[in-house]
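Comments concern the structure below.
The values are calculated or read from the model by the stated rules, or taken from the named source; none is laboratory data. What you are looking at is a predicted structure, and each value in this text was computed from that prediction instead of being measured. When we count neighbours, we look across all protein chains shown, and the Cβ atoms used for this are built from the backbone with ideal geometry, even at glycine. Ligands, DNA and RNA are excluded from the accessible area calculation, which covers all protein heavy atoms including side chains. Shrake-Rupley method; radii C 1.70, N 1.55, O 1.52, S 1.80 Å.
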Amino acid sequence: MSSTNNDFVFGRHAGIDFLKNQDSEKINKVFLAEGVQEDFAREVYRYAKKKHLIIQQVPKNKLDKLTGGENHQGLVLAVASFEYADFDQLLDKLDQEEAPLLLMLDNIEDPHNLGSILRSADATGVSGVIIPKRRASGLTSVVAKTSTGAIDHVPVARVNNLVQTCQALKDRGYWIFGTAMEGDDYRKWNANGKTVLVIGNEGKGISPLLLKQMDQTLTIPMIGHVQSLNASVATGVLLYQAFNSRYPL
């Protein structure tokens with residue numbers, strides 16, 4: 001990929017994880033803020049040396065500009081554009097697994113939510129994430145930072161049409177579960193077998209046409225005054241129910 005086609009990975013956890021786990025060809029530049037803690041600087045230099053990467057020490061305000069004022073914690077990597085998994089190749093690979101768990105996101109717009117969701121997906125053994133190509137957050141530097149490295153470990157595929165994708169998944173033997181206010185109590189959900197969990201948009205939920213593809217809908221009961229959860233929090237709750245049913249005590 002062209003070295004001028006840069007995305008950025010920033011923050012200590014995300015940056016170190018990328019340095020440790022990615023090929024040097026994916027890292028175009030390493031920027032380290034002047035005056036960072038010596039222990040942290042030594043760690044960055046150690047991993048960069050292993051990959052034969054040159055570090056540029058720059059004033060903090062340059063990193064502020066590169067990241068649009070996000071909290072970079074003194075480390076920014078200019079990297080080749082984030083790669084998406086090929087959907088068909090991902091499914092072919094998952095055919096070799098006994099009971100893959102996939103996560104489908106219906107127009108999640110906030111990159112912080114997407115990053116947090118990837119973090120939960122990695123923690124709970126999700127085999128892949130499916131997002132639409134339009135009207136949704138893609139893989140960005142903010143997603144990478146928020147995911148604290150999970151972006152490097154969970155395959156993300158982008159597709160043109162989520163409804164058609166659900167139909168293709170059903171043809172391969174997957175069961176489709178989605179979130180809805182009038183759904184069944186999520187605590188009864190058995191997520192064994194080939195499973196897809198669909199999470200709706202932050203404000204509108206799952207779109208009506210996609211909702212018709214669900215084999216079952218799930219809801220998270222609440223007894224407080226606020227009757228909705230942040231999309232990434234709800235995803236985490238549901239993924240851990242899937243984890244509980246797949247890996248019981």
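Observations on the model:
- The alpha-carbon atoms of the chain define a convex hull whose volume equals 157 cubic angstrom per residue.
- Accessible area of the chain belonging to carbon and sulfur atoms, whole % at 1.4 Å probe: 47 percent
- Unit charges on C-beta of K, R, D, E only; dipole of the chain, Debye: 420 debye
- Scalar couplings 3J(HN,Hα) for segment 164-178, obtained by applying the Karplus form with A = 6.51, B = -1.76, C = 1.60 to θ = phi - 60°, are 4, 5, 4, 4, 5, 5, 4, 4, 9, x, 7, 9, 10, 10, x Hz; x denotes Gly and Pro.
- Within segment 95-249, antiparallel bridges make up roughly 5 percent of the DSSP beta bridges whose residues both belong there.
- Near Val58, the amide H atoms lying under 5 Å from its own belong to Leu32, Ala33, Glu34; only residues 5 or more places off or on other chains count, and H is placed 1.01 Å from N.
- 5 angstrom amide H check on Ile27, placed H, neighbours 5+ away: Ala80
- Cross-link check: pairs Lys20/Lys170; Lys65/Lys204; Lys26/Lys194; Lys20/Lys194; Lys133/Lys212 evaluated at a Cα-Cα cut-off of 28 Å; pairs beyond the cut-off: Lys20/Lys170; Lys65/Lys204; Lys26/Lys194; Lys20/Lys194.
- Square roots of five times the Cα gyration tensor eigenvalues for segment 119-249, Å: 21, 19, 17
- Taken along the Cα-to-beta-carbon direction at a fixed 7 Å, the label points for Asn61 and Ala99 span 5.7 nm.
- Here the Karplus curve 6.51 cos²θ - 1.76 cosθ + 1.60, taken at θ = phi - 60°, turns the phi angles of segment 85-94 into couplings of 6, 6, 4, 5, 5, 4, 5, 4, 5, 6 Hz, with x standing for Gly and Pro.
- Neighbour net charge for Glu43 - beta-carbon separation under 14 angstrom, K R +1, D E -1: +4
- Taking Cα atoms only, the orientation of helix 38-50 departs from the longest principal axis of the chain by about 80 degrees.
- Between Phe40, Phe87, Phe31, the residue with the greatest mean-square fluctuation in the GNM of the chain (Cα pairs under 10 Å linked by springs) is Phe40.
- The tail of the calculated P(r) for segment 125-192, taken as Cα-Cα distances beyond 18 Å, holds 54 percent of the pairs.
- Put a plus charge on the Cβ of each Lys and Arg, a minus charge on the Cβ of each Asp and Glu, and nothing anywhere else: the dipole of segment 129-174 about its Cα centre is then about 200 debye.
- Backbone phi angles across segment 60-67, fed through the Karplus curve with coefficients 6.51, -1.76 and 1.60 (θ = phi - 60°), yield HN-Hα couplings of 4, 5, 5, 5, 4, 5, 4, 9 Hz in residue order; Gly and Pro are listed as x.
- Residue-normalised accessible area of the chain, given per residue in Å² at a 1.4 Å probe: 52 Å²
- Set of aspartates and glutamates near Lys188 by C-alpha distance (under 17 Å), chain-local residues within fewer than 8 positions excluded: Asp215
- When the chain is described by a simple charge dipole with +1 on each Lys and Arg Cβ and -1 on each Asp and Glu Cβ, the residue from Gln73, Tyr174, Phe31 located farthest towards its positive end is Phe31.
- Angle in degrees between helix 231-246 and the longest Cα principal axis of the chain, rounded to the nearest 10: 70 degrees
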